[in-house]
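As structure tokens, the structure follows; a few thoughts come after it.
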Amino acid sequence: MQGLKTVVWLSALLVPIQAWAAPGFDLDLKELKKPSPPPSVARKSKPVAAAKKKASATTKRSVQPATTSPAAEPAVVPVALLSPSELTLKAGEPCLLAERIAVAAARSVPAATLLNGLELHPVAAVSYGEVSALITCGISAAEAYTYGRLLEEHQVELVNIRGDETAGQTARKVIDALALPYQIETDSSSKDGALTYLMPASKERQRPLRLTLQP
């Protein structure tokens, strides 16, 4: 009899436990049966959105072209528009003519800066670009040769005018010594016998020079 009571007591004890546990067990089964989104779908959604944002940003950048301000160009005056300076010299005493041509075609400098201690008395001391020259008159050929060799060591040219040169010969001596660029417009065979040189503009001379030697 005692054993039967024990069985009944255990049965009564187990019934509430089963009744309490059943609902929780049923809830877990329902939760497990709910479909869950596959992991790959969740991972792919972010790159797609990022790709769209990147494409949108690229499109916006491509629509807005970069603006650059053009560099200012210096104004250039065509050489053809610069009228040449006109200088007409009367052919006469060769020494005076050589001095006037040298001073007109080149830049005058102090004679002492070119003499380098030599005892000479030039009628003109001029410079054009990197070339310098001294114009002397009437010294002997031997002296001219000696002084010329000494001055060459200091990059100075010596132009000695003997006194019997023609206007053309005098001009060519000065022009060649200074390495002046020039163009002959008229020679001595023209109607009036004038000899005309056209020298272009340069760093030493801002405008072209038209030099005319009248007979």
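The values are calculated or read from the model by the stated rules, or taken from the named source; none is laboratory data. Everything numeric here is computed off the predicted structure, so don't read it as measured data. Positions of Cβ are generated from backbone atoms using ideal geometry, with glycine treated the same way; all protein chains shown enter the neighbour counts. Remember, those area values only see protein heavy atoms, side chains included, never the ligands or the DNA or RNA. Shrake-Rupley method; radii C 1.70, N 1.55, O 1.52, S 1.80 Å.
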Name, by its number, the condition in (1) in a strand (DSSP E or B); (2) charged (D, E, K, R); (3) surrounded by 15 or more Cβ atoms within 10 Å (Cβ to Cβ) that does not hold for Glu185.
(3)
Before we move on, is Pro110 in a loop (DSSP other than H, G, I, E, B), surrounded by 15 or more Cβ atoms within 10 Å (Cβ to Cβ) and at pLDDT 95 or above?
no
Cβ-Cβ below 7 Å, separation at least six or inter-chain, first residue in region 142-158 and surrounded by fewer than 15 Cβ atoms within 10 Å (Cβ to Cβ), second of a type in the set (Ser, Thr, Tyr): which pairs?
Gln155/Ser132
Test each condition in (1) under 22 Å from Pro208 (Cβ atoms); (2) modelled with pLDDT under 90; (3) touching a helix residue (DSSP H, G or I) at 6+ places or on another chain (Cβ under 9 Å) for Gly92 and report the one that comes out false.
(1)
Kindly evaluate Gly163 against the criterion of being on the phi > 0 side of the Ramachandran plot, free of Cβ contacts under 8 Å to residues at least 60 places away in the same chain and part of a loop (DSSP other than H, G, I, E, B).
no
Counting only residues in region 188-204 that are in contact (Cβ under 8 Å) with a residue 24 or more places away in the chain and open to solvent by 30 Å² or more (accessible area, probe 1.4 Å), the one farthest from Ala133 (Cα to Cα) is identified as Ser188
Residue by residue through region 188-202, note down the ones that are more than 37 Å from the chain's Cα centre (by Cα) and not in a loop (DSSP other than H, G, I, E, B).
Leu195, Thr196
